[in-house]
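The values are calculated or read from the model by the stated rules, or taken from the named source; none is laboratory data. As the structure is a computational prediction, the values presented were derived from the model and not from experiment. Glycine gets a Cβ as well: all are built from the backbone with ideal geometry, and neighbour counts include every protein chain shown. Accessible surface is based on the protein model in full, side chains and every heavy atom, while ligands, DNA and RNA are left aside. Shrake-Rupley method; radii C 1.70, N 1.55, O 1.52, S 1.80 Å.
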Amino acid sequence: MTRNRKHTLAALALVAGVQVGGAQAANVYTQNFESGVAGAEWSGAGTVQDSLGLAAFGFGEMHLRNDSTAASVLTLNGLAAHTQLTFSFSLAMWDSIDLGDRFVIQVDGASVYDSTDFGNYFPPENIGRGPGTQITEAFTSFTDPQYGYNTGFHDSARVASFTLNHAASSVVISWAYPTSQTGLDESFGIDNIVVSTDAAPVPLPASLPMMGLGVLGLAALRKQ
């Protein structure tokens, strides 16, 4: 048998053995706001601003900062068929967020996080409460650690990820701090947003593996 024929048969054997179906993680959206523009997929409150000292903790130079009580809203359309959705993000907690304030994250109008265990303020036991895991330094004083915007209060940041059952072709994700005192008193920001699904790969036509097997059969007959 010639070398080329061996390579051809090997390739056909791979085609014949391909499994149809299965699932794989697929990122459908990422955003780090480094362009300085949020994009048309964003609505509601928040503007792209400097992440200041949080750039040392995995944030980019820019992030989406929200210093109001209204939600920052991400809308994605045209998702491939899937059964699960995961989204992760970095969360900036700016200034005097009082423990007992409320932070809400919703997907398609249903809350995946709605808690008053949210705080960034003196005394020390109230520091670093919220979704996910704190990534910034521990509390040392009323004003430290200090990453901006209001130098009269300390700041912190977290990373969080949520996975949920989801099958719709679109998704609306919102982040809101409805009890915020707003402005330079207390605010939040988001960055490094990644949305992924367990979208299934495109299946091969059912006839393709069978065709590969047929060609293999012919090749075997020729060899005899």
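Residue-level check: of (1) more than 26 Å from the chain's Cα centre (by Cα); (2) at pLDDT below 90; (3) surrounded by fewer than 16 Cβ atoms within 10 Å (Cβ to Cβ), Tyr121 misses just (3). Of the listed requirements (1) of a type in the set (A, V, I, L, M, F, W, C); (2) closer than 14 Å to Ile173 by Cα; (3) assigned to a strand (DSSP E or B), Ala92 misses just one: (2). Inspection of segment 168-179 identifies no residue that is of a type in the set (Ser, Thr, Tyr), modelled with pLDDT under 95, touching a strand residue (DSSP E or B) at 6+ places or on another chain (Cβ under 7 Å) and open to solvent by less than 40 Å² (accessible area, probe 1.4 Å).
When you check Thr197 against the structure, is it surrounded by 16 or more Cβ atoms within 10 Å (Cβ to Cβ) and modelled with pLDDT of 95 or more, yes or no?
For Thr197, the condition - surrounded by 16 or more Cβ atoms within 10 Å (Cβ to Cβ) and modelled with pLDDT of 95 or more - is met.
Would you point out which residue out of Thr143, Thr136, Thr151 is at pLDDT below 90, over 30 Å from His82 (Cβ atoms) and β-branched (Val, Ile, Thr)? It is Thr143. Per the listing Leu64, Leu54, the residue uniquely surrounded by 22 or more Cβ atoms within 10 Å (Cβ to Cβ), part of a strand (DSSP E or B), among the hydrophobic types (A, V, I, L, M, F, W, C) and touching a residue at least 40 places away in the same chain (Cβ under 8 Å) is Leu64. Sub-9 Å Cβ pairs linking a first residue in segment 155-170 that is in contact (Cβ under 8 Å) with a residue 40 or more places away in the chain to a second residue that is among the acidic types (Asp, Glu) and open to solvent by 20 Å² or more (accessible area, probe 1.4 Å), at least 6 apart or interchain, are Ser156/Glu137; His166/Asp108; Ala168/Asp108; Ser170/Asp108, ordered by first then second residue.
Can you go through Thr136, Thr116 and tell me which one is farther than 19 Å from Gly46 by Cα, touching a residue at least 12 places away in the same chain (Cβ under 8 Å), within 24 Å of the chain's Cα centre (by Cα) and surrounded by fewer than 17 Cβ atoms within 10 Å (Cβ to Cβ)? Thr116 is the lone residue from the list that is farther than 19 Å from Gly46 by Cα, touching a residue at least 12 places away in the same chain (Cβ under 8 Å), within 24 Å of the chain's Cα centre (by Cα) and surrounded by fewer than 17 Cβ atoms within 10 Å (Cβ to Cβ).
In segment 67-84, of all residues being polar (S, T, N, Q) and within 18 Å of the chain's Cα centre (by Cα), the one that is farthest from Asp198 (Cα to Cα) corresponds to Ser72. Looking at segment 100-110, is at least one residue surrounded by fewer than 16 Cβ atoms within 10 Å (Cβ to Cβ) and free of Cβ contacts under 8 Å to residues at least 12 places away in the same chain? Yes - at least one qualifying residue is present in segment 100-110.
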